[in-house]
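Chemist: Attaching a single structure in C-alpha cells format; questions to follow.
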Amino acid sequence: MVQNEEYSKIKRAAKRRGKVRTTVTYALLTLWAVVVLFPFYWMILTSVKSYSAYNSEYVPKLYTLSPTAQNYREAFTAVPLARYFANTLIFTGITTALMVVVIVLSAYAFARLDFKGKNLLFTLFLALMMIPNELVIITNFVTITNWNMRNTFLGLILPSVTSVFYIYLLKENFEQIPEELYKAAKVDGTSDFRYLIRVMIPIAKPTIITIIILKVIECWNSYVWPRLITDDQNYFLVSNGIQEIRENGFGRENIPAMMAAVVVISVPLIILFVIFRKKIMEGVSRGGTKG
C-alpha cells in the first residue's frame with residue numbers, strides 16, 4: 001500500500017514537471033513566433049495606412065481604423081511593377097526549368113554512372129563551393145559582357161542554371177536508391193535515361209520538389225546579379241523595381257506605398273512556402289540522410 005502511494009506521488013510529480021516543461025516550451029515558441037512574424041505584420045499594417053495617417057503618428061500605432069488600398073495603386077503606377085512581375089516570372093520559370101534538367105542529369109551521372117575521373121571531378125565540383133560569390137559574379141559579368149548579353153534574358157538566366165549544392169543534395173538522395181534496382185533494370189534492357197525517368201525521379205520526387213521551391217525563392221529574391229547586368233527597364237525584375245522606387249525619392253517620401261510594393265512582392269513567396277513547407281522539410285531530410 002505504501003509503495004503504491006509513493007508510486008502515485010512520483011507519477012503525479014512527473015506529470016506536473018511534464019506540464020510545466022510543455023507550458024514553458026510553448027510559451028517560448030509563441031514568443032519567438034511573435035518576434036519573427038511582427039515585421040510582416042508591421043509591413044502589411046503600414047501598407048494599408050494612408051500617407052497622411054502614417055505621417056501624423058508621432059507614436060506608431062499597432063492598428064488602423066481606416067485601411068486603404070491607395071498605396072497599392074500608387075506602387076503600381078510609380079514604376080511599371082506589373083512588367084517587372086512578368087519579367088521575374090519569365091526569369092524564374094526558365095531558370096528553374098533549365099536548372100532542374102542540369103542538376104538531375106549531373107546528379108544521376110555522379111550517383112550511378114561509372115566513368116574515369118568521376119571522384120576527382122566531383123571533388124572539384126565541391127571545391128567550387130569554397131569560392132566566394134563575389135569572385136564568381138565578377139567572372140560572370142566579364143563573360144556576359146564579352147558575349148554582348150547585357151540587358152537580355154539570356155544574360156540573366158545563364159549564370160543561374162546550375163548549382164553545386166543542389167547537385168550534391170540530389171546525388172546523395174539518388175545514392176539512397178538500392179543499386180540492385182539499377183542492375184535489374186539493365187538486365188531487362190532498360191536504358192539509363194529510361195531508368196532515370198521511370199525509377200529515380202519518382203523516388204526522389206520530394207527532394208526535387210524541394211530544390212524547385214528553393215530555386216524559385218532564390219530567383220525571385222535575386223538582386224545583385226540583375227542589378228549588375230541590366231540597366232534597361234524592359235529587363236528589370238521586382239527587386240530592381242523596389243530599388244527604383246527607393247532611388248527616385250517616391251519610396252523615401254511615401255513609406256506606406258513602399259511597404260505596399262514590398263507586400264506585393266513578398267506575398268507570393270510566403271504563400272508558396274506555406275503551401276509546400278512540408279515538402280521542403282521532407283526533401284531536405286531525405287537528401288541529408290544516407291543509409
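Values in this text are rule-based calculations from the coordinates and carry no lab data. No experiment lies behind these values; they were computed from the predicted model shown. Every residue, glycine among them, receives a Cβ derived from its backbone with ideal geometry; neighbour counts consider all protein chains shown.
Chemist: Can you bin every Cα-Cα distance in the range 1-112 into 5 Å intervals starting at zero and give me the percent of pairs per bin, rounded to whole numbers?
Modeler: Once binned at 5 Å, the Cα pair distances of the range 1-112 give 2, 8, 8, 8, 8, 8, 9, 9, 9, 8, 7, 6, 4, 3, 2, 1, 0.
Chemist: Between Ile177 and Ile201, what is the label-point separation in nm under the 7 Å Cα-to-beta-carbon projection?
Modeler: Once both label points are built, they end up 1.0 nm from each other.
Chemist: Between Asn119 and Tyr58, what is the label-point separation in nm under the 7 Å Cα-to-beta-carbon projection?
Modeler: Result for the modelled spin labels: 7.4 nm.
Chemist: Roughly speaking, what is the stretch gain from Asn151 to Phe40, that is 0.36 nm per residue apart minus the C-alpha to C-alpha distance, in nm to one decimal?
Modeler: On the way: separation 111, 0.36 × 111 = 39.96 nm, distance 3.29 nm.
Taking 0.36 nm per residue and subtracting the Cα distance, the gain is 36.7 nm.
Chemist: Still on this structure, I have one more. Fully extended, how many nm does the chain gain between Ala127 and Ser191 (0.36 nm per residue separation, minus their Cα-Cα distance)?
Modeler: Details: separation 64, 0.36 × 64 = 23.04 nm, distance 3.15 nm.
Full extension of this stretch gives 19.9 nm more.
Chemist: Quick check: pseudo-label points 7 Å beyond the Cα along Cα→Cβ at Leu228 and Val274, how many nm apart are they?
Modeler: Modelled inter-label distance: 3.5 nm.
Chemist: Just to compare against my own numbers: the Cα pair-distance distribution for the range 162-248, 5 Å bins, whole % per bin, please.
Modeler: Binned Cα distances yield the sequence 3, 12, 17, 15, 11, 10, 9, 8, 7, 6, 3, 1, 0, 0.
Chemist: Order of Tyr108, Tyr26 from fewest to most other C-beta atoms within 10 Å?
Modeler: So the ranking, lowest neighbour count to highest, is Tyr26, Tyr108.
Chemist: So which helices of the chain fit the span-like rule, where a helix is a whole DSSP H run, its Cα atoms reach 24 Å or more along the axis, and its mean Kyte-Doolittle is at least 0.5?
Modeler: Numbers: long enough: 2-47 (67 Å, 0.16); 81-112 (45 Å, 1.48); 255-287 (43 Å, 1.53).
Those that clear 24 Å and a mean of 0.5 are 81-112, 255-287.
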